[in-house]
Every structure is written in C-alpha cells, then in structure tokens.
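Please treat every number below as a calculation from the coordinates, not as lab data. As the structure is a prediction and not an experimental result, all values here were calculated from the model. FYI the Cβ positions are ideal-geometry reconstructions off the backbone, even for glycines, and counts take in every protein chain you see.
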Amino acid sequence: MHTCRNCNQSFQTELALELHRDTCKKGQLFCQECGDRFQEADATQDGWHYECPSEDCDGEGLQEDLYQVEDVRTATH
Ligand SMILES: [Zn+2]
Ligand SMILES: [Zn+2]
C-alpha cells in the first residue's frame, strides 16, 4: 500500500500515488532543492520562516527555494 504523506490517502500502486501527488491539494509547496512536495504547515512553524522538511535538504525561504505549486506551473510557460 502506498500512502500520500500529505493527505494520508492510500493507493494500490506507486504509479497511482505519483499521479495523485501531482494533483494533491495538500501538497502545495515544492522544494526546488530536492524536488519534494509537502504541506505549507510542514515547512513552517510560525508562518514566516519556511524551510524544507526533508532532513537532508537545506532548501529554505518561500519564493527562494520553496515555491507554491501553482507558481511553478505558471513559471514554466
Ligand atoms: Zn495527497
Ligand atoms: Zn528540499
């Protein structure tokens, strides 16, 4: 079983999970450093300083290393 760690929804296959992660509304932030996605709440304690929740990644800063997913999509035009 594969579980989306953003919304805890479960999927039969890894592919189904991958497809879901592209549209998961709870994975709103994207780290340019490691390419991971996570909830905004996972990246900040105080709503001011943002950093990537992945332990071995030093991506930080909203609009610096971390982007909102909608922004990433429009930026690739
Ligand atoms: Zn999800
Ligand atoms: Zn990262």
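Structure values in brief
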read-out: Segment T3-E60, length gained on full extension (0.36 nm per residue, minus Cα span); value: 18.0 nm
read-out: Debye, to nearest 20: dipole size of the chain, +1 on Lys, Arg Cβ, -1 on Asp, Glu Cβ; value: 560
read-out: Residue-averaged 222 nm ellipticity for the chain, from DSSP H runs of 4+ at -39500 (n - 2.57), nearest 500; value: -7000 deg cm²/dmol
read-out: Kirkwood Rh, angstrom, the chain [1 / mean 1/r, Cα pairs]; value: 12.9
read-out: Per-peptide average of other Cβ atoms within 10 Å, ordering 14-24, 58-68 highest first; value: 58-68, 14-24
read-out: Furthest towards positive pole of dipole, C7, Q63, Q32, structure part region 2-75, Cβ charges; value: C7
read-out: Length released on extending from C34 to L15, taking residue separation times 0.36 nm less the Cα-Cα span; value: 4.9 nm
read-out: Exposure proxy ranking, count of Cβ atoms within 10 Å, fewest first, for C4, C34; value: C34, C4
read-out: Rounded to 10°, Cα long-axis angle of helix 14-23 versus longest principal axis of the chain; value: 40
